[in-house]
Amino acid sequence: GDGVDNQTELLLGHAPGDPKDRPTKQELAQAGKKRADFDRFLAEYRWQPFESVRRPAVPQVANVSWARNPIDAFIAREHETRHLRPRPPATRAVLLRRVTLDLVGLSPTPEEMKAFESDPSPNAYEKVVDRLLASPRYGERWGRHWMDVWRYSDWAGWAGGNQIRDSKPFIWRWRDWIVESLNKDKGYDRMAQEMLAADELCPEDTDALRATGFLVRNYKLLSREQWLEDTLNHTSRAFLGLTLHCAKCHNHMYDPITQEEYYRVRAVFEPHNVRTDRIPGQPDTTKDGLVHAYDAEPGVPTYLFVRGDERNPDKTRALTPGVPESLGGHLDIKPVSLPLTVSHPDRREWVVSETIAASVEAVAAARKALDQAALPDAKGGQAERTLAVRTLEVAQARHASLLAVLEVERLEDAGKKDTSDWKQAATKAGALQRAQTVREAELNLETARDTLTRAQAAVLKPAVANANNPAVPTDVAATQKKVTEAETAVSAARTALQMPPTAAYQPRNLSTYPTQSTGRRLAFARWLTDVYNPLTARVAVNQIWMRHFGQGIVPSVADFGRNGRPPSHPQLLDWLAAEFMANGWRMKPLHRLMVTSSAYRMASTPDAADAKIDPDNTYLWRMSSRRMEAELVRDNLLYVAGSLDETMGGPEVDHNLGLTSRRRSIYLRTAAEKEVEFLKIFDSASVTECYERKPSVMPQQALALANSELALAQARILTHTLTAQTGADNTRFVMAAFAHVLARRPTVQEQKLCMAFLEQKPAQPGAPGQSTHVNDATRVREHLILVLFNDNDFVTIR
């Protein structure tokens, strides 16, 4: 009614539209200048997510002492504009627990608490941050965050029946690559390039090939169309914060992306498929192997689907690979010639060596079997000895022909095919293979004759024959037919052996793949990580910020488009993105910058005046409290009790062992229909997509912490440990329990309540799963530990 709009009220620090909280005349007199300054700021810097990042100047602020680094300057400007007062620094105990859980995911130990609180140096906190960033646990903690964004999933389906529906077995190697890359502080740009195109960027680097699990994860047995749709959808959302999939059926409703551009991006990924390569020590790729992406069909066309219907492709023209024009740049596609070891992986030196070793081992095993058959007390008699001789001859013949074929391959790899040396080697290989055929036919004949003899004996003396071997064949006519066929095969093989020598030989049955990759995905990955790409760095920085501060600067972390939510601090986001790229896209310096800021170090305690102006803490006048993620709840139950198995890496742990395994939660199997129930209760990542976790509050969570096998077992273990340290002294026990479980000292009231609790006798023999032989004092202590596990401070990062 007095002509003061909501924006002016907000600018002056008053609640918009509240008639009881109107600006004074003096404040209104100042409003013109403030409003002019604000409008000038908007004119100078209007954030455009589809324009390249440009580093804004760090603002000058009045609260100079609070601004430890540029992050604080941007935050302080918003404070001053809105008349917000930042909360004081958090206590050392709260800050240590906050940063330790944020960076490594494990609560600080009492020893770490004591060391930090007794360190008088001005950089005591910075030393803690550096120690945590250097810990291998950092990679596990932040690996789980990025696995959310990149949609990590183990295989789904029935392994025994070879019915893998989603993802692929052995994809855990991608998870290990993520953890290792983070611990090495590999640049985010390089990580993105390896995930999208390691097979083109560094095709012989088996460590890097693991990264293409990002693409392998989208594998769908039942629908190639869904496979590619997921690839486009989640590649664009994970790296670009762009809902590209909205343009599958028509032009994007909000962002400047056409339907044709959607299919041009699809053309980038159209040729790719997945394969599983042999790994050292395991020739059977159904038992273990390196699964990775590769271009299987370089020439496959991409057509636009009319109205997005895969049954109705527009085949009047095939679309070439491309990117949305609104994002700038273009794809510089260059086909990649692949080494022989990639297109013919069985010709790798170590594979050849293992093949020879296996052949030598087969000869040795056959010779050992012959020695056993020749012993005087051998039960098989002459028939067994004859078969053993023939088996050894076959093994020796196979080994000789293998070596000869490998020599031919060596000459071919050296470019000497069709030379006189090659012809001589090929002729030798052919002759040895024919000799091998003779030996194999002779073994088959000897086996058939032995079978016939036993079948005849079974007919003449069934009781005796069947007593020796119940599986003796009884169809003499059929067995005689097999003997005749085997004799014919021996005769034919011997005739072939007498034929004039030629260079014809039978090559090994090897896995073969294309000798060239399209280079499309590599070109796309380089475009994606170019410093002029407007979105990639912004999206990555925003994901990291959200996990430190509770909400992204752009709250819609997977949608930076016009249908998403605007940034709260656009200049800060761009300054961080520019700084991120200037530091080689390395994450550890960015983490350090964020967690050493005054904004991060603030207390999370409320303030009525600030809450009235900014109830959602959008402008960070305090640190927001957050519930631990599911993995942290489980990991810290184990860790504070001293039970956590800190072994890193390796195959996924069966999800059914979630309550009994001591491995860190990142290593437990997660896939459709294969999730740990305990983690699901605490809102673990959805395997479909999880760009941001949404915590819930449910009774089952308290029940899991009070009654689950996991919580009860760890309460018992921790009670035993602390009792050994404190003896019968309840005061010391309470102090130790709080230090271990909550990483702080108890308040006076908490100490009083705990002491009174410990002096009581248990009302029942023991909670389900607890030991029944312990004394009352021990059982009460176990109950107290369970109470602390259920304390809000245990599951909350303050």
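Computed values, structure above
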| item | result |
| --- | --- |
| Largest-first principal axis extents of the Cα set of segment 402-547 (Å) | 88, 54, 20 |
| Rg to Rh quotient for segment 64-133, alpha carbon positions, Kirkwood Rh | 1.05 |
| For segment 480-603, fraction of C-alpha pairs farther apart than 24 Å, in % | 57 |
| Residues whose placed amide H lies under 5 Å from that of Ile279, excluding near-sequence neighbours | Leu290 |
| Residue-span extension gain [Val300 to Gln163] - 0.36 nm each, minus C-alpha spacing | 46.7 nm |
| Square roots of 5 times each gyration tensor eigenvalue, C-alpha, segment 515-581, largest first, Å | 27, 13, 11 |
| Separation of the Gln424 and Lys680 label points, Cα + 7 Å toward Cβ, nm | 6.9 |
| Under 15 Å, Cβ to Cβ, from Asp119 - net charge with Lys/Arg +1 and Asp/Glu -1 | -1 |
| Descending Cα extents along the principal axes, segment 282-406, whole Å | 85, 33, 24 |
| Ile797 long-range amide H proximity, modeled H, under 5 Å | Arg626, Arg627, Met628 |
| Arg165 long-range amide H proximity, modeled H, under 5 Å | Ala156, Gly157, Trp158 |
| Segment 595-732: translational diffusion in µm²/s, Stokes-Einstein, Kirkwood Rh over Cα pairs, 20 °C, 1.002 mPa s | 121 |
| Bins of 10 Å, starting at 0 and running to the largest distance - Cα pair percent for segment 50-93 | 25, 43, 24, 8, 1 |
| Value of D in µm² per second that Stokes-Einstein yields for segment 361-452, Kirkwood Rh from Cα pairs, at 25 °C (0.890 mPa s) | 167 |
| Segment 196-236, Cα convex hull volume normalised per residue, Å³ | 69 |
| Semi-axes of the equivalent ellipsoid for segment 240-343, Cα gyration tensor, largest first, Å | 33, 16, 15 |
| Cβ-Cβ FRET estimate between Glu80 and Glu709, R0 fixed at 51 Å, reported to 0.05 | 0.45 |
| P(r) weight above 14 Å for segment 485-532, C-alpha pairs, percent | 76 |
| Stokes-Einstein D (µm²/s) once Rh is taken as the Kirkwood radius of segment 603-647 over alpha-carbon pairs, at 37 °C in 0.692 mPa s | 251 |
| Convex hull volume per residue for segment 172-276, taking Cα atoms only, in Å³ | 107 |
| Using θ = phi - 60° and Karplus 6.51 cos²θ - 1.76 cosθ + 1.60, couplings along segment 633-644 (whole Hz; Gly, Pro as x) | 4, 5, 4, 6, 4, 6, 5, 5, 8, x, 9, 5 |
| Sites Thr688 and Asp654 - FRET efficiency at Förster radius 30 Å, r taken between beta-carbons, to 0.05 | 0.90 |
| Rg over Rh, two decimals, segment 558-632 (C-alpha only, Kirkwood Rh) | 1.01 |
| Extent along principal axes [Cα atoms of the chain; Å; largest to smallest] | 117, 79, 49 |
| Sulfur and carbon atoms: percent of accessible area, segment 642-798 [1.4 Å] | 56 |
| C-alpha long axis of helix 224-240 to longest principal axis of the chain, angle in ° | 40 |
| Where Rh is the Kirkwood radius over Cα pairs, Rg/Rh for segment 135-199 | 1.04 |
| ³J(HN,Hα), Karplus 6.51/-1.76/1.60, whole Hz, each residue of segment 715-722, x for Gly, Pro | 4, 5, 5, 5, 4, 4, 5, 6 |
| Segment 519-669 - Debye-derived log10 I(q)/I(0), Cα point model, q = 0.20, 0.21 Å⁻¹ | -1.18, -1.21 |
| Calculated FRET value between Ala496 and Lys417, using beta carbons and R₀ = 35 Å, to 0.05 | 0.90 |
| Length gained when the stretch Gln506-Lys379 is fully extended (0.36 nm per residue, less Cα-Cα span) | 41.8 nm |
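The values are calculated or read from the model by the stated rules, or taken from the named source; none is laboratory data. The structure presented is a predicted model; accordingly, all values stated were derived computationally and were not measured. Glycine also receives a Cβ, built like all others from the backbone with ideal geometry; neighbour counts cover every protein chain displayed. Note: accessible area is taken over every heavy atom of the protein model, side chains too, but ligands, DNA and RNA are not part of it. Shrake-Rupley method; radii C 1.70, N 1.55, O 1.52, S 1.80 Å.
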